[in-house]
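Here's the structure we're looking at; comments come further down.
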Amino acid sequence: MATILEARKIEKKYTLGGQTVYAVAGIDMTVEEGDFISIMGPSGSGKTTLLNLLGCIDRPTAGRVLVAGRDTTEMNASDIDRIRLHNIGFVFQRINLIPILSAQENVELPMELAGVGAAQRHRRAGELLDTLGMSRRAHHRPGQLSAGEQQRIGIARSLANNPGVILADEPTGNLDSKTAALIMDCFKTLNRDRGQTLILVTHDPDVGASAARSIVIRDGRLDFETFS
Amino acid sequence: MKSYVTLGYRNLSRRRSRSLLTVLGIVLAIGFTVGLLSISEGVMRSIDEMFRSSGPDLFVVPKNVSKMPFGFQGTATLKEKQAEAIRAVPGVAIVEPVYLAFSPEGGGAGFGYAMTMVSGIPEKDFFKMRPTATLEKGRWLKDDDGPVVVLGGMVAENMDKGLGDKLELITGQKLEIIGRLKKNNEAYDMFAYAPIKAVQKMFGGSGRASYFLIKSADGVETKEVAARLKAAFPKQDVQTMNDIMQQAKKMLGIARGIHFGVSCFALIIGVLFVACTMIMSVAERVREFATLMVIGASRAYVVKLIISESITLSAIGGLFGCLFGYILSKAINQLIHHFFGETFFSTYVSPRIFITGIVIAVIIGAFAGLFPAYMIMKRNLADSLRYE
C-alpha cells in the first residue's frame, strides 16, 4: 500500500502569557492508502490542531508533513494551496458550504478551482451527488437543506477532485444521532467500496469505533493506538 | 463565467439593501463628478467651436494687455489710421479697428448679468470679416450714424428690448437700437455694434482704437501674417486666435482642476462607502473565505473574489452615476439658462467624461476592496475556520 500522508515528529507550539504551550508535541504518524483512521481524545488534547497540520491548513513549528511523498515543510503558499486542492478533501463540523451556491455548484467549486472543464465538472458533481443520494437536491441552496443533507453535500465536495485522503473534523458533531449514523454510513461505504482513505477527528467513541484504526491523543502526544 | 465573478455578484444580491445604499453613494459621487466635469468640458468645447468658426483670426493690441483683446473703455491707445498700415502688410485681407465700450445691461459675453461689450466699428467689411453673420431685424450701421447700436444675436436674446429702445453705456450715454443680428452661436453673437466714430465721440477718443481685428487672406498661413505684423509693429502685440484659445483654455484648465478637486471629495466619500460595505461583508464571511482557501482556492483567487465584488458594486454605481451626471449636467444647463439667460456655452458630457466616470468607479472599487482583502489574507487560516 502506498503512503498517502506522513507526519514526522510534528510539533505545534504557542506562546501564551510568556509560557510555551504544545498543542501537538512530536507526533509520528503514517497513513496508508485505504486507511480509515479516527483521531480521538479529550477536548483540548490537540486533535483538531493535528488534523490542521496533516491537512496543511496550519504549519508545524517543528517536524515534517509529507503528502503523497512530498515534503510540505519548505513549500510556498501556492504549492500548499495546490496540495490542498488536489490531494486532500476536507469535511467540517460546521459543514461550511458556500450559502449562495447550490448543492451542485458547491460540489463543482473545487473542480473549477482545479481548472476542470464545465462539462466534466457537471458530470462528476452529478455522479457524486448520486452516490450520496443527493441528486434530487442538486439545485437547492444549503439554507434549503437539512443539516444531514448539507453534510452529505460537504462530503461530495470533499471528493470532488478525487483526493488521496479526506480529513473530517467532527463531521457528526452538529448532527442528531440518527443523522450522524447516516453520515458515518456514507464514510464507511466510501472507505469500503471505493477504498477512500479517511481520517476523522471525533470525541464520540461510537464514531471512533467505525474506523479500522483509532489514535488517541492526550496533551498533544500520542497516547495509544488501537486496530479493529 | 469565472466563479469569483459569480460569487461576487451573488454575494451582493444576498445583502440587497446594503448593496443598494452603497451603489447610491457611488451614484452620487460619480454623478456629481460627471456633472462638474461637464461644465468645464462644455466651456472648453464652446470655446473651441467659437474660435474655430468664421471671423477674425488675428488681433493687434497694445503691448502688455491680457491675451483676450478686451482693452478697457477709455484705454483706446492705438491710432485708428494704423489700420491702413496694417492693411498694407502682405497676407492681410481685412482690418477692422475697434473702439470698445461697455454697457451694464444684460447679455454680455453670454454670462447674463455681465456687462455687454459694445464694439465701435466701421460700417464696411463687417460681413466680409464674418461671412456667416446676417441681419435678422432692422438695419446695419452707417459710418455717419449717431449713437445707434446693432445687437449681436445672443445679446439680443438676453435683453427685453426691441428696435427703437435704448442701450445704456456705463457712462450713462445711450445708444438707440436699430437692428439685431441672427444668433448663430458664433463669437460675434456676444457683442453689440456701434459706429466707431460715434463711440469715439462719446468718449473723446477721436481717431483712436482699442485694438484691430484682422482677417488674413485666403491660402495664407495666419502664423506667417502674425510674424510679419510683429516685425512691422514691434511696439504692439500681435495675438492669433490660437494664442487666445490656448490662453482661455489655460485659464479654464485651472477651473477644471478646481472642479476635479471638489469632486475628489465626493469620490473619497465613495471609496469610504464601498470600503465600509466591503469590510462589513468580509468580516461577516471570514469562515467562508477560510473554507474557500482550505478547499484549495489560492490567495489570489480570494483577493480577486473580494476585489471583483467591490468593483462590481462600484461599477454599477459608476454606470448609474454617469447617467445621473448626464441628467445633472442637463439640469445645470437649465439652471444657467434660467438664472443667466443665453450663454455662449452649455454643459457637455463627452464620451471621455463617461469613460472617466466608469474608470474612476472601477478604481474606487479596486481600492475599496484592497483593505478587506488584506484583512483576510493576514488572518491565520486555522483560526479563521473557527471564526464565529
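Read the figures in this text as sums done on the coordinates, not as results from a lab. Keep in mind that this is a model prediction, so the values were computed, not measured. As a convention, Cβ positions derive from the backbone with ideal geometry for all residues, glycine included, and neighbour counts pool all protein chains shown.
Figure the gain on full extension for B:K128 and B:E176 (residue separation times 0.36 nm, minus the Cα-Cα span) and round it to one decimal in nm.
Taking B:K128 through B:E176 to full extension adds about 14.8 nm, to one decimal.
Using 0.36 nm per residue, how much length does the chain from A:R194 to A:D28 gain when fully extended, once their Cα-Cα distance is taken away?
Once the chain is fully extended between A:R194 and A:D28, it gains 57.1 nm.
Can you give the FRET efficiency to the nearest 0.05 for B:L272 and B:R10, using r as the Cβ-Cβ distance and R₀ = 25 Å?
0.50
Considering the convex hull of the alpha carbon atoms of the range B:147-239, report its projected area averaged over all viewing directions, in nm², one decimal.
8.0 nm²
Working from Cα positions, state the angle (0 to 90°, nearest 10) between the long axis of helix A:177-194 and the longest principal axis of chain A.
90 degrees
How long are the semi-axes of the ellipsoid equivalent to chain B, from square roots of 5 times the Cα gyration tensor eigenvalues, in whole Å, largest first?
Value: 61, 22, 15 Å, ordered largest first.
Apply the Kirkwood formula to the protein assembly as shown: the hydrodynamic radius equals the inverse of the mean of 1/r over all pairs of different alpha-carbon atoms; give it in Å with one decimal.
By the Kirkwood definition, the hydrodynamic radius is 30.7 Å.
Taking a label point 7 Å from the Cα of A:D185 along the Cα→Cβ vector, which residues of the range A:93-129 have an amide N closer than 18 Å to it?
Flagged as within label range: A:129.
List the extent of the Cα atoms of the range B:232-281 along each of their three principal axes, largest first, rounded to whole Å.
Result, largest extent first: 73, 13, 9 Å.
Would you mind counting up the charge near A:S177? Only other residues with Cβ under 12 Å from its Cβ, with Lys and Arg at +1 and Asp and Glu at -1.
-2
Label-point separation (nm) for A:M1 and B:D218, each offset 7 Å from Cα along Cα-to-Cβ?
For the pair A:M1/B:D218, the computed spacing is 10.1 nm.
Under DSSP H, which helices of chain B have Cα atoms covering 27 Å or more of the helix axis and a Kyte-Doolittle average no less than 0.0?
Answer set is B:16-52, B:241-284, B:299-340, B:351-377.
Taking Cα centroids, how far is the range B:128-159 from the range B:357-377 in Å?
58 Å
Spin-label point model (7 Å from Cα, Cβ direction): what's the B:E157 to B:Q247 distance in nm?
In this crude label model, B:E157 to B:Q247 measures out at 2.7 nm.
Please order B:K128, B:K235 by the number of other Cβ within 10 Å, starting at the fewest.
Fewest to most other Cβ atoms nearby, the residues stand as B:K235, B:K128.
Along its principal axes, what span do the Cα atoms of the range B:64-234 show, with the longest given first and each in whole Å?
45, 33, 30
If we count every other residue with Cβ under 15 angstrom of A:A2's Cβ, Lys/Arg +1 and Asp/Glu -1, where does the sum land?
-3
What would the Debye equation give as log₁₀ I(q)/I(0) for the range A:125-164 at q = 0.21, 0.23, 0.29 Å⁻¹, counting only Cα atoms as equal point scatterers?
Evaluating at q = 0.21, 0.23, 0.29 Å⁻¹ gives log10 I(q)/I(0) of -0.57, -0.67, -1.01.
Beyond a 28 Å Cα-Cα separation, which of these cross-linked pairs lie in this structure: B:K137/B:K330; B:K161/B:K201; A:K9/A:K178; B:K223/B:K250; A:K12/B:K378; B:K79/B:K250?
Table pairs above 28 Å Cα-Cα are B:K137/B:K330; A:K9/A:K178; B:K79/B:K250.
Could you grab the relative contact order for chain A? Cα pairs under 8 Å, six or more apart, rounded to a whole percent.
30 percent
What is the order of B:I269, A:I37, fewest Cβ neighbours within 10 Å to most?
By the 10 Å Cβ count, ascending, the order reads B:I269, A:I37.
Over chain B, what is the relative contact order in whole percent, taking alpha-carbon pairs under 8 Å and six or more residues apart?
RCO, chain B: 30 percent.
So if I take the centroid of the Cα atoms in the range A:168-213 and the same for the range B:165-184, what is the distance between those two points in Å?
Comparing the Cα centres of the range A:168-213 and the range B:165-184, I get a distance of 99 Å.
Hey, rough spin-label estimate for A:R64 and B:I254, points 7 angstrom out along Cα→Cβ, what's it come to in nanometres?
7.2 nm
What's log10 of I(q)/I(0) for the range A:37-98 at q = 0.29 Å⁻¹, Debye sum over Cα points only, no solvent?
-1.35
Could you tell me the extents of chain A's C-alpha atoms along the three principal axes, largest first, rounded to whole Å?
51, 41, 39
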